[in-house]
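The values are calculated or read from the model by the stated rules, or taken from the named source; none is laboratory data. This structure is a prediction, so every number in the text was calculated from the model and none was measured. All Cβ positions, even for glycine, are placed from backbone atoms using ideal geometry, and neighbour counts span all protein chains on display. Heavy atoms of the whole protein, side chains included, go into the accessibility calculation; ligands, DNA and RNA do not. Shrake-Rupley method; radii C 1.70, N 1.55, O 1.52, S 1.80 Å.
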Amino acid sequence: KTRPGIAALLEIASRNATRLVAGDLAFAIGPRLNAAGRLDDMSVGIACLLSQSQEQARDLAQQLDALNRDRQQIEKGMQAQALEIVQQCVIEEKPPALCLYEPDWHQGVVGIVASRIKDRIHRPVIAFAAADNGQVKGSARSIPGLHIRDALERVSTLRPKLIDKFGGHAMAAGLSLDEENLDEFQSLFSQVVADNLAGVELESIVETDGELDIADLNLGLAKALRYASPWGQHFPEPVFDGEFQVVHQRLVGERHLKLVLAHPQNSQQIIDAIAFNVDLQVWPDETVERVSIGYRLDCNYYRGEESLQLMVEYLSALK
């Protein structure tokens, strides 16, 4: 039996418990629970999970959902500011690493912003927010080939006491330092990253399992893969690639591109696809008639109907 707190979170996220997979916990339940710790008090999330009453659980789930919406709005504004900074930094050539800072940024959201910008430019990124006592706190995200905690340790070795404290692992870390030392840190951090990434191909690579035969683009295979989860690090979900004709494209949720595609071997086979967090300076583009995509198979549930949907990992226009 599902606990009242989990049931309430699934209900408010419009997830069906009978079709639940690990991805629903990661992308529907997790962000709402995390929002409490990022913006307010994690005890709200804990209380929801421990609740014995369905009525109380629903009330707490609504609070968590509201906090998550607030987090999304804060993130949207911070990401827009970060992208403006990035555009100025990469006019001529992308730097080896980026440190981003705005005094009014929220400490609880800088990690998400660092991750978004890292995905956009494929460089290690640290996003900072103002803290107490003249310090800034940063959240770092890395790329394959650079152990971000080791990079911070190297900076600390080269310039003791520049960083007040730090910790983390290969792909993510946190740190704090005096705001007056931020410029020196950024310079030294970029130098350390450049030394460590010498000879590394600094381009994002989407590895796929190849092109699917047209006969395999179906709901049955999508369901089989969905319930073969959980997927994770060193056990990634299968990704396929192919070229498709664009029948229709539009933005949904402000930053996501909804596509209706047709297979080049059969223009009558219409397939829905969605690409999250697209570059709004590039998409939508009504002049694009064909695209090359890397995608995962997924099941879309809408008004009681099931259909195949492609979750786009890579999107490129074919002129």
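Relative intensity of region 228-319 on a log10 scale, I(q)/I(0) at q = 0.26 Å⁻¹, equals -1.44, per a Debye sum over C-alpha point scatterers of equal strength in the absence of solvent. Semi-axes of the equivalent ellipsoid of region 25-150 are 32, 15, 13 Å, computed as sqrt(5λ) over the eigenvalues of the C-alpha gyration tensor in descending order.
Full extension of the chain between ARG255 and ALA130 gives 42.3 nm of extra length, using 0.36 nm per residue less the Cα-Cα distance. Normalised by residue number, the volume inside the convex hull of the Cα atoms of the chain is 159 Å³ per residue.
How much length is gained if the chain between GLN269 and ASN300 is pulled fully straight, taking 0.36 nm per residue apart and subtracting their Cα-Cα distance, in nm to one decimal?
9.5 nm
For the pair region 63-118 and region 215-275, the centres of their Cα atoms are 28 angstrom apart. Helical runs (DSSP H, four residues minimum) scored at -39500 (n - 2.57) apiece and divided by the length of the chain put the mean residue ellipticity at 222 nm at -11000 deg cm²/dmol.
When a 1.4 Å probe is rolled over the protein heavy atoms, the share of accessible surface on the chain that falls to carbon and sulfur comes to 47 percent.
Given R₀ = 25 Å, FRET efficiency for LYS1-LEU225 by Cβ-Cβ distance, to 0.05? Calculated value: 0.35.
If the segment from ASP70 to GLU286 were pulled out straight at 0.36 nm per residue, it would be longer than the present Cα-Cα gap by 74.5 nm. Estimated at the nearest 10 Å², the accessible area of LYS118 is 40 Å² with a 1.4 Å probe. In the chain, the longest principal axis of the Cα atoms and the axis of helix 182-196 are about 60 degrees apart.
By accessible area of protein heavy atoms, probe 1.4 Å, what ranking do ASP104, ASP285 get, highest first? Can you show the working numbers first?
On the way: ASP104 110, ASP285 40 Å².
Ranked list, largest accessible area first: ASP104, ASP285.
Taking the longest Cα principal axis of the chain as reference, the axis of helix 148-158 is set at about 10 degrees. Going Cα to Cα from LYS165, which lysines come in below 29 Å? Please leave out same-chain ones fewer than 8 positions away. Excluding near neighbours in sequence, the set is LYS76, LYS94, LYS118, LYS137. Most simply put, region 134-273 has about 95% antiparallel DSSP beta bridges, counting only bridges with both residues inside it. Quote the FRET efficiency, to the nearest 0.05, computed for ASN16 versus ASP150 with a Förster distance R0 of 41 Å and r equal to the Cβ-Cβ distance. So, using R0 = 41 Å, E works out to roughly 0.40. Relative to the longest principal axis of the Cα atoms of the chain, the long axis of helix 54-89 lies at roughly 70 degrees. Which aspartates and glutamates, on any chain, are close to LYS161 with Cα under 15 Å apart, when same-chain ones fewer than 8 places away are left out? Candidates past the 8-residue exclusion: GLU153, ASP178, GLU179, GLU180, ASP183, GLU184. Solvent-accessible area per residue in the chain equals 54 Å², computed with a 1.4 angstrom probe and all protein chains kept.
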